[in-house]
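A short write-up of the structure that comes next.
The values are calculated or read from the model by the stated rules, or taken from the named source; none is laboratory data. Note that the structure is a prediction, hence the values are computed from the model and not measured. Cβ placement follows ideal geometry from the backbone for every residue including glycine, while neighbour counts extend to all protein chains displayed. Surface accessibility is based on the protein's heavy atoms, side chains included, excluding ligands, DNA and RNA. Shrake-Rupley method; radii C 1.70, N 1.55, O 1.52, S 1.80 Å.
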Amino acid sequence: MEARSIAIDGPSGAGKSTLARLAAKKLGMIYADTGALYRAVGLCALRRGVSSKDARSVSALLPEIELEMIYDGAGAQRMLLCGEDVTDEIRAPEASIYASDVSAFPEVRAFLLQTQRDMAARRDVIMDGRDIGTVVLPNAGVKIFLTAQPEIRARRRYDELVASGRDVTYADVLRDINYRDANDSSRASAPLRAAPDSIVFDTSAIGLEESFFRLLEIISERLCVKNDAAV
Ligand code: DC
């Protein structure tokens, strides 16, 4: 049987990863966070002292970059960069900005495309990113564009970062979100867009539990799976 795939796209901080991870667990699918791949490329540039705006120098790093997404015993995704576990380091705000910058380069997008498709070819997957429904998996069984107002996304991301012990301000987080929204939507190569056949789902006014319930409703309507959500 062909592997099933669910594409969840949307701007930074819309709750894609939290909701996709929960849904994947519930539905017995794997969760693939494609942002981690762009973050790992960005981190590599950052560590090498290469400007994230310098397409030629970033592209020159690609042949040396080995990326692997593995899953630990609890099913959590770990990102390996040349064999080193960088799962935590790629979440730093500086790595986020680098990821957004390098993701604008067509060479970087081409470099990561097959990796993402291979992941979906092997197993049932819920994949989140910016161009999953439009470019990576245009035939995904369900496509969802998850969004929320920038201030709400910034507040959620700020709470997450503080909970993980990072020293950030809300103003900085909002500035980064606005920067990445502008970058991700305006780039020429695979910009952030809702696929025409996607369901746009705005979570600005609802919390995690209701968002999860509604997400499972959307998925079950399209994939014909049983919906008995409990976060
Ligand atoms: O989902 P995230 O915030 O971890 O993604 C980090 C950056 O990577 C984001 O600013 C845009 C880029 N990205 C992308 O261009 N395409 C994807 N499929 C996933 C992420």
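Can you list the residues, at least 5 places off or on another chain, whose amide H is less than 5 Å from the amide H of residue 147, using H built in the peptide plane?
201, 202, 203
To one decimal place, what Kirkwood hydrodynamic radius in Å is obtained for the stretch 73-183 from all pairs of distinct Cα atoms?
It works out to 16.1 Å.
Let me spell out the model: positive unit charges on the Cβ of Lys and Arg, negative unit charges on the Cβ of Asp and Glu, origin at the Cα centre of the stretch 67-185. What dipole size does that give, in debye rounded to 20?
Computed charge dipole of the stretch 67-185: roughly 480 debye.
Counting only heavy atoms of protein chains, what accessible area per residue, in Å², does the chain have with a probe of 1.4 Å?
48 Å²
Testing the spin-label approximation: label points 7 Å from Cα along Cα→Cβ at residue 223 and residue 59. State their distance in nm.
Each label point lies 7 Å from its Cα, and together they span 3.7 nm.
Rounded to the nearest 5, what is the percent of antiparallel bridges among the DSSP beta bridges in the chain?
Expressed as a percentage, antiparallel bridges in the chain total about 30.
So what are the radius of gyration and Dmax for the Cα set of the stretch 142-231, in Å?
So, for the stretch 142-231, Rg and Dmax equal 15.6, 44 Å respectively.
Roughly how many whole Å is it from the C-alpha centroid of the stretch 142-220 to that of the stretch 50-127?
19 Å
Could you compute how fast the chain diffuses translationally, taking Rh as the Kirkwood radius over C-alpha pairs and applying Stokes-Einstein at 25 °C with viscosity 0.890 mPa s? Give it in µm² per second.
D, rounded to a whole number, is 137 µm²/s.
Give the accessible area for residue 48 in Å² (nearest 10); use a 1.4 Å probe, count only protein heavy atoms, and leave out ligands, DNA and RNA.
Spelled out: residue 48, probe radius 1.4 Å, area about 130 Å².
Between residue 66 and residue 197, what is 0.36 nm times their sequence separation minus the Cα-Cα distance? Round to one decimal in nm. Intermediate values should be presented prior to the final figure.
Numbers: separation 131, 0.36 × 131 = 47.16 nm, distance 3.35 nm.
Taking residue 66 through residue 197 to full extension adds about 43.8 nm, to one decimal.
Quick one: how many lysine pairs in the chain have C-alpha atoms under 27 angstrom apart, if they're 8 or more apart or on different chains?
10
Expressed in nm to one decimal, what extension gain is obtained for the pair residue 48 and residue 113 from 0.36 nm per residue of sequence separation less their Cα-Cα distance?
Residue separation times 0.36 nm, minus the Cα-Cα distance, leaves 21.1 nm.
By how many nm would the segment from residue 2 to residue 182 grow when fully extended, if each residue of separation counts as 0.36 nm and the alpha-carbon distance is taken off?
Taking residue 2 through residue 182 to full extension adds about 61.2 nm, to one decimal.
For the residue pair residue 170 and residue 205, what label-to-label distance in nm results when each label sits 7 Å from Cα along the Cα-to-beta-carbon direction?
The two pseudo-label positions are separated by 2.2 nm.
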